[in-house]
C-alpha cells in the first residue's frame, strides 16, 4: 500500500489540534494535580466547556452559515469573530471558577486564555500566527508548571506539528515558530506571576 504523506499531515494536524490538546492537558492537571479536591470534576467541566465544547459548537455553526470556509479557519480574515466570542467564553469560565473558589492555577488558565486570545486577535489583524502551535506550546507550559520536567516530552511533538501545518500550507515556518515560542513563554510567565500572588 502506498504511503500517503498528505493523510499523515492531516491526521497530525487534527489529532494535535487545539480542541484536543488543551482539554487533554486540563484533564491531566485536574485529575492528577487536584485528585483530592471534591470539586475537581466541576473544574474540569468548566475547562472542557471553554476549551472544547464552546469552540467546536461555534466553529460548526459559523461553518454551517458560511462565515468560515473550513473548520481550521484557514483564512486570517475569518478569525476575528470566533476569537472575539472565545474571549467572552473564557471570561465567563473564569467567573465560574471564581464562584467555585478553584485553585488559582485553574482560574488563571481561563483568565489568561481570554487575555491571550485578545493577543492573538490583535496579531491576526496584521499577521497569521499559528493557533495550533500557540495552543500546543501553551499546554506544554501548563503541564511543565504542574509536573515539571516530566512534561517536556511534549517538545518532541512540536516539530512534527510544525511540519504538518507547513506541509498543509496552513502556515509558513515563522508563523509556526512564533506561535510555539510565544505560546510557551507567555503562558508560563503569566501563570508563574498569577500563582505567586
Can you go through 46, 21 and tell me which one is crowded, with 19+ Cβ neighbours inside 10 Å, over 22 Å from residue 155 (Cα atoms) and in contact with a helix residue (DSSP H, G or I) (Cβ under 9 Å, 6 or more places away or on another chain)?
46
Based on this model, can you work out whether residue 38 counts as within 18 Å of the chain's Cα centre (by Cα), free of Cβ contacts under 8 Å to residues at least 40 places away in the same chain and over 16 Å from residue 86 (Cα atoms)?
no
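Please work out if residue 147 is out of contact with any helix residue (DSSP H, G or I) (no Cβ under 6 Å at 6 or more places or on another chain) and in contact (Cβ under 8 Å) with a residue 40 or more places away in the chain.
yes
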Of (1) over 17 Å from residue 139 (Cβ atoms); (2) buried (at least 16 other Cβ atoms within 10 Å of the Cβ); (3) touching a helix residue (DSSP H, G or I) at 6+ places or on another chain (Cβ under 8 Å), residue 37 fails just (2)
Within region 1-26, how many residues turn out to be within 16 Å of the chain's Cα centre (by Cα) and outside any helix (DSSP H, G or I)?
2
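When region 72-81 is examined, which residues are found to be within 21 Å of residue 168 (Cβ to Cβ) and in a helix (DSSP H, G or I)?
Once the filter is applied, which keeps residues that are within 21 Å of residue 168 (Cβ to Cβ) and in a helix (DSSP H, G or I), region 72-81 yields 76, 77, 78.
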Does residue 162 satisfy the criteria of being touching a helix residue (DSSP H, G or I) at 6+ places or on another chain (Cβ under 8 Å), within 23 Å of residue 90 (Cα to Cα) and buried (at least 18 other Cβ atoms within 10 Å of the Cβ)?
no
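For (1) modelled with pLDDT under 85; (2) over 23 Å from residue 123 (Cβ atoms); (3) touching a strand residue (DSSP E or B) at 6+ places or on another chain (Cβ under 8 Å); (4) assigned to a helix (DSSP H, G or I), each residue gets a yes or a no:
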| residue | (1), (2), (3), (4) |
| --- | --- |
| 28 | no, yes, no, yes |
| 37 | no, yes, no, no |
| 42 | no, yes, no, yes |
| 45 | no, yes, no, yes |
| 50 | no, no, no, yes |
| 57 | no, yes, no, yes |
| 61 | no, yes, no, yes |
| 67 | yes, no, no, no |
| 70 | yes, no, no, no |
If you go through 81, 100, the only one that is farther than 26 Å from residue 127 by Cβ and touching a helix residue (DSSP H, G or I) at 6+ places or on another chain (Cβ under 9 Å) is 100
Which condition breaks for residue 74 when tested against (1) surrounded by 14 or more Cβ atoms within 10 Å (Cβ to Cβ); (2) farther than 15 Å from residue 128 by Cα?
(2)
Give the residue, chosen from 105, 168, 125, that is farther than 24 Å from residue 194 by Cα, over 15 Å from the mean Cα position of the chain (by Cα) and in contact (Cβ under 8 Å) with a residue 60 or more places away in the chain.
168
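Could you go through region 85-92 and let me know if any residue there is under 29 Å from residue 167 (Cβ atoms) and either within 16 Å of the chain's Cα centre (by Cα) or exposed (fewer than 14 other Cβ atoms within 10 Å of the Cβ) (or both). Break it down into steps so the answer makes sense when it comes.
In the first step, residues of region 85-92 are kept if they are under 29 Å from residue 167 (Cβ atoms); the result is 86.
After this cut, where a residue has to be either within 16 Å of the chain's Cα centre (by Cα) or exposed (fewer than 14 other Cβ atoms within 10 Å of the Cβ) (or both) as well, the list is 86.
Scanning region 85-92 turns up at least one residue that is under 29 Å from residue 167 (Cβ atoms) and either within 16 Å of the chain's Cα centre (by Cα) or exposed (fewer than 14 other Cβ atoms within 10 Å of the Cβ) (or both).
The values are calculated or read from the model by the stated rules, or taken from the named source; none is laboratory data. Just so it is clear, the structure is predicted and the values come from calculations on it, not from any experiment. Cβ coordinates were reconstructed from backbone atoms using ideal geometry, including for glycine residues, and neighbour counts include every protein chain displayed.
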